[in-house]
Structure formats: C-alpha cells, structure tokens
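Each reported figure results from applying straightforward, stated rules to the coordinates on display, with no laboratory input. In this text, all values refer to a predicted model and were calculated from it rather than measured experimentally. Here the Cβ is made from the backbone with ideal geometry for all residues, glycine too, and neighbour counts use every protein chain on show.
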Amino acid sequence: MAACLKKPIRAKKKNLKLLSFFLTLLFTISCLSSQRKGMASSSDSIVLYYLKKSSDTPPFLQAETWLPIATGVLTGAGPDQLDKTEFLSRWEKLFKFTGVADTGVLNSEPIRLFTEEESSRLGELLYQAEAEIPDGLPQAYQVIIKREDPIRPGLRIRRTVFYIRNSPEGIILEFSEIGQVLDFQTTYSFRDWTLIPIVKPEPSSRNSIYLPEIRPEGLDYFSFESEGEEARNRILVKNGFWTGNPSKKNVGTPTKKIPKTIEDRLRTLQELLDKGLISKQEYEKKKAEILKEL
C-alpha cells in the first residue's frame with residue numbers, strides 16, 4: 001500500500017511544479033507585452049528599444065505627437081548633408097552641452113553626461129534604428145546605457161536610462177536614471193541590465209541634467225504647462241539648436257571664479273575618472289595638458 005501511495009504524491013508534486021512554471025512564464029510574457037516595446041538596436045553597453053504607439057502607452061510619453069527622430073535632428077541641413085555623418089555630428093553636439101553637475105568643479109561647463117565614444121556609439125545605433133523603423137511608423141525610444149565598474153567587473157555597473165521622442169516642439173529627452181549603481185551577486189547577463197519596464201521618470205537630484213550657461217539657443221529644460229516648475233530631468237532640443245552657435249543666456253553680474261592650482265585640477269581630474277565620467281584616454285590627454293604648465 002505504501003508503495004502505491006508514492007506514485008500519486010510524486011505526480012502531484014510534478015504537476016504543481018509544472019503549473020507554477022507555466023504561470024510564471026505567462027506572467028512574464030504578460031508583463032513584457034504590456035510594455036509595448038521591441039529591440040531597435042544594441043551594442044555591448046547600449047540598448048535602444050522601440051516604444052510602440054498604443055492605447056496602453058503611458059501618458060507621459062504623449063504618443064499622439066510622436067515624429068521620427070531624424071526629421072528633427074536633420075532639420076535645416078542641405079540635401080548633400082542628409083547622411084550618417086551629419087546625423088552623428090549633430091547628435092554628438094547635443095551631448096557636448098549636456099552633463100551632470102559637480103560642486104567640486106569651478107567652471108561653467110558641465111561634466112560630460114557621456115564620453116565622446118559613448119555619444120558616437122549612441123548616435124550610430126539611433127541612426128540604424130531610424131533607418132529600420134518597423135512599417136515606417138514614427139517611434140519613441142527607451143535608451144539604456146551601462147558602464148562597467150573597474151573595481152568589480154561583471155558584478156557592478158553604473159546605469160543610465162532615458163527616453164527620446166520627437167514632437168512638434170522639438171526632440172524631448174527625459175531621464176529616469178543617471179549613473180545608477182547596480183550590484184549583482186553573480187555575473188550579470190544582458191537580460192539583467194536591460195529588462196527595465198516603461199515608467200514615468202520622477203524628477204530628483206539623482207536624474208537631473210546640467211546645462212551650461214553658454215550654449216546654443218534651442219536647448220533648455222522642458223515642462224508641460226500643467227506642471228508649472230521646470231523638470232530638470234527633461235530637456236527640449238528645438239530645431240535651431242543643431243546649427244546655432246553658443247550664446248550666453250541670462251546675462252547678469254558675472255560670477256567671480258576662484259583660480260585653481262595645478263594640484264587642484266589634477267585632483268578634480270582624478271575624481272572624474274574615478275566616477276567614470278571621463279574615459280582613461282580623456283584623462284591622460286587632459287593630464288598631459290595640465291602638466292605642460294609646470
């Protein structure tokens with residue numbers, strides 16, 4: 001009798017495990033499908049997702065006003081300039097004037113949000129995605145960028161997440177994470193750092209963009225009329241920005257700058273490298289320039 005009872009018990013446990021597996025799979029598929037996004041293009045450190053227009057699209061994305069990104073970036077370019085080179089140079093220009101603030105740096109320029117290499121790679125992936133838009137429909141994007149931590153490679157990264165969409169006002173970039181530190185117990189996979197749901201970014205000090213006082217017209221913080229205060233995690237790039245020259249905004253009494261010693265400048269440079277805000281190549285180049293002044 002005891003031997004006969006073992007079989008039904010094993011079958012029951014097996015069925016429960018099977019049921020649990022299918023329920024988990026169904027839940028995962030349901031969650032992913034509700035995100036309404038698909039892979040646009042990717043590299044080992046940057047991923048772009050298409051955001052689909054649908055009734056389920058989060059209101060903050062304003063899906064009804066989307067336009068192809070390229071139509072905003074290349075506005076005003078001559079027929080002989082409508083190519084990849086012009087697209088990339090304009091995209092890199094945007095990230096030259098966007099960065100993060102650091103109270104330890106006494107100058108009017110932001111610390112670059114992305115390195116030149118990251119800006120160029122992001123531009124290439126976006127160009128590729130725009131050329132291969134499914135059905136030729138306008139899309140918005142969710143962009144995810146990771147930087148490997150040199151101290152804990154494979155186990156710790158710094159992740160930046162933001163959205164890109166083009167509207168009649170201009171191209172809107174809205175950040176939800178900037179340099180967010182993520183630790184993993186075991187070596188992370190591609191899925192671990194890229195599977196991020198679409199959520200409305202809430203402005204905070206952790207995702208604020210710093211714009212320099214001297215910058216081309218057409219680049220500014222953007223807020224919807226219903227919000228009142230400007231959201232510093234959301235910027236608007238108007239058409240005139242791409243061809244405009246840097247100009248000083250809000251001219252007033254100039255702020256007196258405190259001259260920095262070579263030692264201070266080298267210390268600041270090392271801090272930027274340690275935080276992953278500049279590349280080793282940029283560090284060595286700038287260090288050489290400073291040491292020449294000795």
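Quick notes on this structure:
- The rule of thumb for compact globular proteins, 2.2 N^0.38 Å, goes into the C-alpha radius of gyration of segment 41-80 1.58 times.
- Ranked by the mean number of other Cβ atoms within 10 Å per residue, highest first, peptides 168-176, 283-291 order as 168-176, 283-291.
- Sorting 45-51, 86-92 by average packing, meaning the other beta carbons within 10 Å per residue, from highest down gives 45-51, 86-92.
- Here's how it looks for Gly99: its modeled amide H is under 5 Å from those of Leu113, Tyr210, which are all 5 or more places away or on a different chain.
- For Ser41, the residues 5 or more places off, or on other chains, whose built amide H falls under 5 Å of its own are Leu48.
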